[in-house]
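Enquirer: Take this structure first; my questions come after.
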Amino acid sequence: MKIKEICPSVWYVGVNDRRTALFEGLWPIPGGVSYNSYIVEGSESIALIDSVHVAEGPELLDNISEVLGKGKVAWLVVNHMEPDHSGSISTMLSAFPDLKIVCNRQAAGMIGGFYKITDQERFHIVCDGDTLSLGDKTLKFTMTPMVHWPETMMTYLVEDKVLFSGDAFGTFGALNGAVIDEEMVVEPYFEEMYRYYSNIVGKYGTAVQKAFSKLQSVEISAICSTHGPVWKRDIKRALDITDRLSRYESEPGVTIVYGSMYGNTARAAEAVAEGLAEGGVKTIKIHDASVSPMSYMISDAFRYEGLVVGSPTYSMTLFPPINQFLEALKTREVRCKVFGAIGNHTWAPSPLPTLINAWAEEMKLPLLGMVKVRQAPDESTKEQVKELVDNMLGQLRR
Ligand code: FEO
């Protein structure tokens, strides 16, 4: 049991999901995912912070009874209503019939919609800055809308300085025995933090920054997110990564995403990569968009400073996987990239320069050059690649 004790009277009671292939039906999770839930035991009453996916409700109940024995949960704090955390609310109500749901007004409406729980007596509605006493423990609620849904809030355990942060600072990856960062190798989780943030929360950088400003003066001894490890030793690193990503601040490196039906756009993309490497760029991630999952392409595009997109002309427009990729970046309002492009066409005048220029303008990403290939790379391609690479190297950090 000790492995799950965050601090005196605070326990991890979450569950692992190693069966779901696609989180949200979209994002591959080969390492699984954890749905984190926590018990806070006060001298007068006990709170459960967030629940778990509907399929894991019985396991959550087992975990709670391991901690509490016959003890009763009085409060269920709902920080976030996405069903990976709210799915077992009904299971909790069946197990603890007197349970009060602690949430904001918007979450209460969603609980009615999702789970048909509408009896207002069931709810304890909280607003920004409200507190709830559990006796010798006090929960304080901070509204953090759009991190990741509009009803999202965070809960702070005042006496122990523990922040229950919802999706913020979460990662993909099920937990392998240990729960707290000090007791595991954290690198795989930090790698997945980039993918989790960019895929799930990526669109809401401004909201994340607002949440950061609200939390600025809050002393934190542990961050208990809804996914991945509890951060104690690595709080600063978790905060820094999320802060940078939400400001669209990149790391040195270049992501190249291309589509290629017969290898010619791919050859141009490889030539760009070679030129960048010769110029001293050490991190270059190359994705064939027909093969790489969108999840990983988005993550690298978020993470690294440079972005090169290559597309053949397909039915007089962009190659479909590239079109999807550019739309995904638009949805997430990706900014601040050192941006170049490769376009390929075979017969009619290509629409790609117009399309890619329009996308770049909308995204406010100055296009530093576009390699235009007709059918297959030739001598002129080499010159164009050199020009694009030189332009990018002029702006990239190494
Ligand atoms: Fe893990 Fe937005 O739910």
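Enquirer: Given the options ASP84, ASP62, name the one that is within 30 Å of PHE190 (Cα to Cα), free of Cβ contacts under 8 Å to residues at least 24 places away in the same chain and open to solvent by 10 Å² or more (accessible area, probe 1.4 Å).
Expert: Working: ASP84 fails: free of Cβ contacts under 8 Å to residues at least 24 places away in the same chain.
Just a single option satisfies the conditions, and that option is ASP62.
Enquirer: Right, here's the next one. Testing TYR258 on (1) out of contact with any helix residue (DSSP H, G or I) (no Cβ under 7 Å at 6 or more places or on another chain); (2) farther than 30 Å from SER9 by Cβ, one condition comes back false. Which one is that?
Expert: If we test TYR258 against (1) out of contact with any helix residue (DSSP H, G or I) (no Cβ under 7 Å at 6 or more places or on another chain); (2) farther than 30 Å from SER9 by Cβ, just (1) comes out false.
Enquirer: Criterion first (in contact with a helix residue (DSSP H, G or I) (Cβ under 6 Å, 6 or more places away or on another chain) and either away from the ligand (no atom under 16 Å from the Cβ) or modelled with pLDDT under 95 (or both)) does ILE241 satisfy it? Spell out the reasoning first.
Expert: Working: in contact with a helix residue (DSSP H, G or I) (Cβ under 6 Å, 6 or more places away or on another chain): yes; either away from the ligand (no atom under 16 Å from the Cβ) or modelled with pLDDT under 95 (or both): yes.
In short, yes.
Enquirer: Ok, one more. Can you tell me which residue within the stretch 347-365, out of those that are in contact with a strand residue (DSSP E or B) (Cβ under 7 Å, 6 or more places away or on another chain) and either open to solvent by 60 Å² or more (accessible area, probe 1.4 Å) or among the hydrophobic types (A, V, I, L, M, F, W, C) (or both), is farthest from PRO312 (Cα to Cα)?
Expert: Of all residues in the stretch 347-365, those in contact with a strand residue (DSSP E or B) (Cβ under 7 Å, 6 or more places away or on another chain) come to 350-353, 355-357, 360, 365.
Right, trim to either open to solvent by 60 Å² or more (accessible area, probe 1.4 Å) or among the hydrophobic types (A, V, I, L, M, F, W, C) (or both) and you get 352, 355-357, 360, 365.
Numbers: LEU352: 8, LEU355: 12, ILE356: 12, ASN357: 15, ALA360: 17, LEU365: 21 Å.
It comes out as LEU365.
Enquirer: For the structure I just gave you, tell me whether SER221 is surrounded by fewer than 16 Cβ atoms within 10 Å (Cβ to Cβ) and at pLDDT below 95.
Expert: Details: surrounded by fewer than 16 Cβ atoms within 10 Å (Cβ to Cβ): yes; at pLDDT below 95: no.
Here the answer is no, as SER221 does not meet what is asked.
Enquirer: Could you look through the stretch 174-196, keep only residues that are open to solvent by 10 Å² or more (accessible area, probe 1.4 Å) and more than 17 Å from ASP234 (Cα to Cα), and pick out the one that is farthest from the ligand (Cβ to nearest atom)?
Expert: In this case the residue turns out to be GLY177.
Enquirer: For the stretch 250-268, state whether one or more residues are basic (Lys, Arg), more than 26 Å from GLU5 (Cβ to Cβ) and either touching a residue at least 40 places away in the same chain (Cβ under 8 Å) or crowded, with 17+ Cβ neighbours inside 10 Å (or both).
Expert: Narrowing the stretch 250-268 to residues basic (Lys, Arg): 267.
With the extra rule that they be more than 26 Å from GLU5 (Cβ to Cβ), the set shrinks to 267.
With the extra rule that they be either touching a residue at least 40 places away in the same chain (Cβ under 8 Å) or crowded, with 17+ Cβ neighbours inside 10 Å (or both), the set shrinks to 267.
The answer is yes; a qualifying residue exists.
Enquirer: Name the residue that is nearest to the ligand (Cβ to nearest atom), counting only residues in the stretch 120-170 that are among the aromatic types (Phe, Trp, Tyr) and open to solvent by 30 Å² or more (accessible area, probe 1.4 Å). Quick ask: steps written out before the conclusion?
Expert: Going residue by residue through the stretch 120-170, those that are among the aromatic types (Phe, Trp, Tyr) are 123, 141, 149, 156, 164, 169.
Then drop every residue that is not open to solvent by 30 Å² or more (accessible area, probe 1.4 Å), which leaves 149, 156.
Details: TRP149: 6, TYR156: 19 Å.
Step by step, filter the stretch 120-170, then rank; the result is TRP149.
So that you can scan it fast, the table gives a plain yes or no per residue for (1) within 17 Å of ILE200 (Cα to Cα); (2) open to solvent by 20 Å² or more (accessible area, probe 1.4 Å); (3) assigned by TED's automatic domain parsing to the domain that holds TYR197; (4) among the hydrophobic types (A, V, I, L, M, F, W, C):
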site: ARG303; (1), (2), (3), (4): yes, yes, no, no
site: TYR314; (1), (2), (3), (4): no, yes, no, no
site: LEU318; (1), (2), (3), (4): no, no, no, yes
site: GLN324; (1), (2), (3), (4): yes, yes, no, no
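Enquirer: Same structure, new question: Show me the strands (runs of 3 or more DSSP E) entirely contained within the stretch 7-53 in which 1 or more residues are away from the ligand (no atom under 12 Å from the Cβ) and crowded, with 16+ Cβ neighbours inside 10 Å.
Expert: Details: elements: 10-12, 15-17, 33-35, 38-41, 46-49.
Ranges flagged: 10-12, 15-17, 38-41, 46-49.
The values are calculated or read from the model by the stated rules, or taken from the named source; none is laboratory data. Note that the coordinates shown come from a computational prediction; the quantities given were computed from them, not determined experimentally. Glycine gets a Cβ as well: all are built from the backbone with ideal geometry, and neighbour counts include every protein chain shown. These area figures cover heavy atoms from the full protein model, side chains too; ligands, DNA and RNA do not enter into them. Shrake-Rupley method; radii C 1.70, N 1.55, O 1.52, S 1.80 Å.
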